[in-house]
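The values are calculated or read from the model by the stated rules, or taken from the named source; none is laboratory data. Note that the structure is predicted; figures quoted are calculated from it, not measured. Here Cβ is always computed from backbone atoms with ideal geometry, including for glycine, and neighbour counts include all displayed protein chains. The accessibility values were calculated without ligands, DNA or RNA, using every heavy atom of the protein model including side chains. Shrake-Rupley method; radii C 1.70, N 1.55, O 1.52, S 1.80 Å.
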Amino acid sequence: MFNIVKGTHDVIQAEAQRYSYIEEVMTNVALNYGYKEFRTPVLENSDLFIRSVGDSSDIVRKEMYTFEDKGGRSITLRPERTAGIIRSMVNAKLFANQDYPVKAFYVGPNFRYERPQQGRYRQFNQFGVECAGASTIERDVETIALGYTMLKVLGFDNLKLKINTLGDKESRENYKAALKEYFSKHIEEMCGDCKERFKLNILRILDCKVPEDRPIIDKAPKIGDYLTEEARNRFEKVKSYLTALEIPFEVDSELVRGLDYYSGIVFEFHYTASNGNNYGAIGAGGHYGNLISEIGGPQIEGVGFAFGIERIAKVMEDDSLFPELANGVDLFIMPMGEKAVEFSFGLAYVLRNLGYSTEVCYEAKSMGAMFKKAERREATLALIIGEDELNNNMITIKNLGTKEQTQINLQDLQSYLDNFFDIELESADDSECCCHHEGHEHGECCRHEGHEHGECCQDDDEHEHHCCHGHGHCHHEE
Ligand code: AMP
């Protein structure tokens, strides 16, 4: 037995399906907002993060998985995505024609050597977006609205959106000076990390979670009192836009985020499950003023956020927010005897090519055991093939839901199944849209509103929102 690496976790079977569901919902909303997918490497040169995330951040100081590769380069497993995404935009010269903003979404694992605890892993998955070349308030609020919409579509109610502003450079300098004066009187009583933060980046002290330090931090000066007029107006505008969109929020003047590149608006999404579970922020982000130019791009600004898939999946499970995700197979073939096994082997290949998810029972020998397996596979129909059936070119079909059994000619099998699954779908969810693959790629063909069976409706504007999922038939997306 090998143990799993501390702080990592396996995402398997139903849990993996739930992660895919979250990612699919988020992807659809991101596409709706005009974002394009970016896939960047897990490995980056260490300097990228030291420059961007900042050498005063906990991430760079304590949490990066950094190693020297065989060529003597310092490489880091990405602890976050913004820096790599912006690097990829710069490398691909996406800013060259000044067609801003460049909008990216991404999904995948990040790595941080943090203390493992509830909702905190050393390898964790994020879904996030970056809108690069975005200096307007509208882009900031649009980005918050995008995150909010993703969570709403996933079924979240009672979300808590916390916002704050780190102001412009002048506001921050004034504020840092006020913090310096205040904390210089208290720093000796505070934790070792805060003593470090006092020297490296005093704003970080506001992030401290040590309970003994909190009363001191709570009495510290607030950024709101140090904003320049422009920064204050900007923040007021953000608030009025959020109000206009009916997105509830609260101002948290201690919210500073743990990454040095943020400036201007910062925000976090929080949610407490009805059983009281709260795994920390489920997503967070903000505006960045200088990151793009620091990574070699033009002097343009950006805004983005990242959601933690692990935390979102956990609270969704706690509050039963997941829809029932299809788990079973359409067909479960039960061969009785050696000849039937050979025949079933070929038949499964044909049925799968027709788009029906199919399992064959090669392992169990008795009917009873086969039915038990079919049940565990959550099969819809059992196809029973024995000596009699083979001799007469027949097939016995048992509906495992209703327990009805029927025998048909083998040559009628395809039309029987096409019929059965069409009818099933229509009666099950009143869907207008169904599809079978018949030589079409997955997701390509669809019958809907006058389209004939198998007719292709992808790229057909009218049917844009109808897509097909596995199992050889498709569901209405909504
Ligand atoms: P950050 O990249 O630190 O701004 O974090 C954005 C989101 O990623 C957080 O709100 C969490 O949901 C998630 N996240 C960050 N670190 C972890 C971690 N170690 N384990 C699980 N989720 C995390």
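Express the accessible area of the chain per residue in Å², computed with a 1.4 Å probe while the remaining protein chains stay in the model.
Using a 1.4 Å probe on heavy atoms only, each residue of the chain averages 50 Å².
Accessible area of Thr243, 1.4 Å probe, to the nearest 10 Å²?
90 Å²
Taking the Cα atoms of region 371-412, what is the range of coordinates along each of the three principal axes, in descending order and whole Å?
30, 17, 14
Let me know the longest stretch in the chain that avoids all chymotrypsin sites (Phe, Trp or Tyr not before Pro) found in a DSSP loop with at most 14 other C-beta atoms within 10 Å.
Counting at most 14 other Cβ atoms within 10 Å as exposed, the longest clean stretch of the chain is 3-361.
Per-residue ellipticity at 222 nm for the chain, helices alone: DSSP H runs ≥ 4 residues times -39500 (n - 2.57), over residue total, nearest 500 deg cm²/dmol?
Rounded to the nearest 500, it is -10500 deg cm²/dmol.
At 1.4 Å probe size, with the rest of the protein present, what percent of the exposed accessible area of the chain is carbon and sulfur atoms?
Carbon plus sulfur share of accessible area: 47 percent.
So for Lys176, Lys209, what's the accessible-area order with a 1.4 Å probe, most first?
Result, largest first: Lys209, Lys176.
Using the Kirkwood formula on the Cα atoms of region 194-235, what hydrodynamic radius do you get, in angstrom to one decimal?
Kirkwood radius, region 194-235: 11.7 Å.
Across the chain, how large is the tail of the calculated P(r) beyond 33 Å, expressed as a percent of all Cα pairs?
Cα-Cα pairs of the chain separated by over 33 Å account for 50 percent.
Output ³J(HN,Hα) for region 275-282: one whole-Hz value per residue in order, computed from phi by the Karplus curve 6.51 cos²θ - 1.76 cosθ + 1.60 with θ = phi - 60°, and x for Gly and Pro.
7, x, 5, 9, 9, x, 4, 8
Tell me which lysines have Cα within less than 20 Å of Lys62's Cα, excluding those fewer than 8 residues away on the same chain?
Lys6, Lys195, Lys199, Lys209
About the Cα centre, and with charges only on the beta carbon of Lys, Arg (+1) and Asp, Glu (-1), how big is the dipole of region 70-204? Nearest 20 debye, please.
660 debye
Near Gly119, within a Cβ-to-Cβ distance under 14 Å, what is the net charge of the other residues, with Lys and Arg +1 and Asp and Glu -1?
+2
Give me the angle, in degrees from 0 to 90, between the Cα long axis of helix 229-244 and the longest principal axis of the Cα atoms of the chain, rounded to the nearest 10.
Once rounded, the angle reads 30 degrees.
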